[in-house]
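Trainee: One structure, pasted below without further comment.
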Amino acid sequence: MKIPYRIAAAALALAACLVPLASPGPAAAADKPLRVAVTLSDLGCAARAVGGDDVEVTVLCPGGMDPHYLPAKPSLSRKLGQADALLFNGLELEIGWLPPLLEKARNPRVRPGAPGMIDCSTALDAVLDVPAGAVDRGLGDIHPQGNPHYTVDPRRMIAVVELVGRRFGELDPPRAAAYRDRAEAYAAQLRERLPVWRERTAALRARHVLLNHQHWNYLCDWLGLDVIGEIEHRPGIAASPRHVQDMVEKSRALGDVVVMAASWDHLDVVREVAGRAGASLAVLPGHSGAEPGTDDYLAFLDVVTRRLAEAAAAPGKE
């Protein structure tokens, strides 16, 4: 069961009060790797690329699991208890499970406000889909601070990589230059691939896109795609038959529609909508590591953009 975000936020504050207030001290000895826990597999790719052999990375949420619904298992608290640093997505994506894990871990190095707590969303220059007006649970799994699924946008991941390079250097000064150099090298690799990925998906910009969930909004923003709506009328809540019919009719009226979904989505409904609308369907790995051949972030984006290109070239087919 997910924890409402207000309750979870209170738990996060409580965790800060319960842990010892002693100074956490240096993150890692010069002859030992920096122990880094990350909430998402995409952030794990960034940590490994920046840290190299100077870090040990533990991913809490596997790439094939929807990060909204990770069970807060005791084994994850033990992993957090050993960490020198925690890279987390932020924007309340992990709000249902990370606060109780931190409370149980009782690790002063990764308590709220400690140097080892690295909120990767602080690297962003803009956040999409920030709700206007009051937010309540009747609207579904709405994130009050905006859409948290920014790691599917490689431009924003470049900013995350650069942030990680700086913060690792602050935690581990003797190896700061190595972290900086590796961050610059990995960011350069990503920049080099940006035009390749955009060119590969060029045909999709002449079509319309129907999403199952707002997971792909940042990717669509980067690629310049025309998003006509979401099958999930309210995030995290099954679509009503009326809304499903509305999306089918809208897609039929526009034509040239590609439906995008993550492999962890409820694909029966997604396939029904695509079939009834005569749309092509792209089922994509939600994060790096979600399926074989996507363990590296660059490989993940290669798979995502290739499947989008295939869907754009094959109307009405998955």
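The values are calculated or read from the model by the stated rules, or taken from the named source; none is laboratory data. Since the structure is predicted, the reported quantities are computational estimates derived from the model, not experimental observations. Cβ atoms come from the backbone with ideal geometry, glycine included; neighbour counts cover every protein chain shown. Protein only, heavy atoms only, side chains kept; ligands, DNA and RNA dropped before computing areas. Shrake-Rupley method; radii C 1.70, N 1.55, O 1.52, S 1.80 Å.
Trainee: Could you grab me the full set of residues in the stretch 36-62 that are part of a helix (DSSP H, G or I), among the hydrophobic types (A, V, I, L, M, F, W, C) and either more than 22 Å from Gly293 (Cβ to Cβ) or out of contact with any strand residue (DSSP E or B) (no Cβ under 8 Å at 6 or more places or on another chain) (or both)? Explain how you work it out, then say what you get.
Mentor: First, the residues of the stretch 36-62 that are part of a helix (DSSP H, G or I): 41-54.
Narrowing the set further to residues that are among the hydrophobic types (A, V, I, L, M, F, W, C) leaves 43, 45-47, 49-50.
The answer is Cys45, Ala49, Val50.
Trainee: Another question, then. Of all residues in the stretch 142-192, how many are basic (Lys, Arg) and open to solvent by 60 Å² or more (accessible area, probe 1.4 Å)?
Mentor: Within the stretch 142-192, the subset basic (Lys, Arg) is 155-156, 166-167, 175, 180, 182, 191.
Adding the requirement that they be open to solvent by 60 Å² or more (accessible area, probe 1.4 Å) leaves 155, 166, 180, 182, 191.
Counting residues in the stretch 142-192 that are basic (Lys, Arg) and open to solvent by 60 Å² or more (accessible area, probe 1.4 Å) gives 5.
Trainee: Right, here's the next one. Please specify each residue of the stretch 197-221 satisfying the condition of being open to solvent by 10 Å² or more (accessible area, probe 1.4 Å) and either more than 16 Å from Ser280 (Cα to Cα) or among the aliphatic types (A, V, I, L, M) (or both).
Mentor: Matches in the stretch 197-221: Arg198, Glu199, Arg200, Ala202, Ala203, Ala206, His213, Gln214, Asn217, Asp221.
Trainee: Something else: May I ask you to verify whether Ser23 is modelled with pLDDT under 95, among the polar types (S, T, N, Q) and either open to solvent by less than 30 Å² (accessible area, probe 1.4 Å) or not in a strand (DSSP E or B) (or both)?
Mentor: Working: modelled with pLDDT under 95: yes; among the polar types (S, T, N, Q): yes; either open to solvent by less than 30 Å² (accessible area, probe 1.4 Å) or not in a strand (DSSP E or B) (or both): yes.
The answer is yes for Ser23.
Trainee: Return the pairs, sorted by first residue and then second, in which the second residue is part of a loop (DSSP other than H, G, I, E, B) and open to solvent by 20 Å² or more (accessible area, probe 1.4 Å), the first residue lies in the stretch 78-105 and is over 22 Å from His215 (Cβ atoms) and free of Cβ contacts under 8 Å to residues at least 40 places away in the same chain, the beta carbons are less than 8 Å apart, and the residues are 6+ apart or on different chains.
Mentor: Between residues of the stretch 78-105 that are over 22 Å from His215 (Cβ atoms) and free of Cβ contacts under 8 Å to residues at least 40 places away in the same chain and residues that are part of a loop (DSSP other than H, G, I, E, B) and open to solvent by 20 Å² or more (accessible area, probe 1.4 Å), the close pairs are Gly81/Arg106.
Trainee: Now for a separate question. Pull out all pairs, ordered by first then second residue, where Cβ-Cβ is under 7 Å, the residues are six or more apart or on different chains, the first lies in the stretch 273-298 and is closer than 22 Å to Leu194 by Cα, and the second is in a loop (DSSP other than H, G, I, E, B) and basic (Lys, Arg).
Mentor: none
Trainee: So which residues in the stretch 49-60 are open to solvent by 10 Å² or more (accessible area, probe 1.4 Å) and within 15 Å of Ala176 (Cα to Cα), if there are any at all? Please lay out each step first, then the result.
Mentor: Step one: list which residues in the stretch 49-60 are open to solvent by 10 Å² or more (accessible area, probe 1.4 Å), which gives 49, 52-59.
Result: Ala49, Gly52, Asp53, Asp54, Val55.
Residue by residue, here is whether (1) surrounded by fewer than 23 Cβ atoms within 10 Å (Cβ to Cβ); (2) touching a Pro at 6+ places or on another chain (Cβ under 6 Å); (3) at pLDDT 95 or above; (4) over 22 Å from Tyr297 (Cα atoms) holds:
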| position | (1), (2), (3), (4) |
| --- | --- |
| Lys32 | yes, no, no, yes |
| Val36 | no, no, yes, no |
| Asp42 | no, no, yes, no |
| Cys45 | no, no, yes, no |
| Gly63 | no, no, yes, no |
| Ala72 | yes, yes, no, yes |
| Leu87 | no, no, yes, no |
| Leu101 | no, no, yes, yes |
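Matching residues to (1) part of a helix (DSSP H, G or I); (2) of a type outside the set (A, V, I, L, M); (3) within 19 Å of the chain's Cα centre (by Cα):
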position	(1), (2), (3)
Gly64	no, yes, yes
Gly90	no, yes, yes
Leu93	no, no, yes
Pro99	yes, yes, yes
Glu103	yes, yes, no
Val130	no, no, yes
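Trainee: Suppose the filter is closer than 14 Å to Ala46 by Cβ, open to solvent by 30 Å² or more (accessible area, probe 1.4 Å) and at pLDDT 95 or above; does Ala126 pass it?
Mentor: Numbers: closer than 14 Å to Ala46 by Cβ: no; open to solvent by 30 Å² or more (accessible area, probe 1.4 Å): yes; at pLDDT 95 or above: yes.
So Ala126 does not fit the description; no.
Trainee: Could you tell me whether Asn212 is among the polar types (S, T, N, Q), touching a Leu at 6+ places or on another chain (Cβ under 8 Å) and at negative phi? If you could, list the steps in order and put the result at the bottom.
Mentor: Values: among the polar types (S, T, N, Q): yes; touching a Leu at 6+ places or on another chain (Cβ under 8 Å): no; at negative phi: yes.
Considered against the rule, which asks whether it is among the polar types (S, T, N, Q), touching a Leu at 6+ places or on another chain (Cβ under 8 Å) and at negative phi, Asn212 comes out as no.
Trainee: Further question on the same structure: Among the residues in the stretch 294-317, are any within 23 Å of the chain's Cα centre (by Cα), part of a loop (DSSP other than H, G, I, E, B) and more than 23 Å from Arg155 (Cα to Cα)?
Mentor: Looking for residues that are within 23 Å of the chain's Cα centre (by Cα), part of a loop (DSSP other than H, G, I, E, B) and more than 23 Å from Arg155 (Cα to Cα), one finds none in the stretch 294-317, hence no.
Trainee: Output the residues belonging to the stretch 222-275 that are open to solvent by less than 40 Å² (accessible area, probe 1.4 Å), more than 26 Å from Ala290 (Cα to Cα) and not hydrophobic (A, V, I, L, M, F, W, C).
Mentor: Those that are open to solvent by less than 40 Å² (accessible area, probe 1.4 Å), more than 26 Å from Ala290 (Cα to Cα) and not hydrophobic (A, V, I, L, M, F, W, C): His243, Ser251, Gly255.
Trainee: State whether the residues of the stretch 249-258 include one that is without any contact (Cβ under 8 Å) to a residue 12 or more places away in the chain, within 22 Å of Leu204 (Cβ to Cβ) and among the hydrophobic types (A, V, I, L, M, F, W, C).
Mentor: Yes, the stretch 249-258 contains a residue that is without any contact (Cβ under 8 Å) to a residue 12 or more places away in the chain, within 22 Å of Leu204 (Cβ to Cβ) and among the hydrophobic types (A, V, I, L, M, F, W, C).
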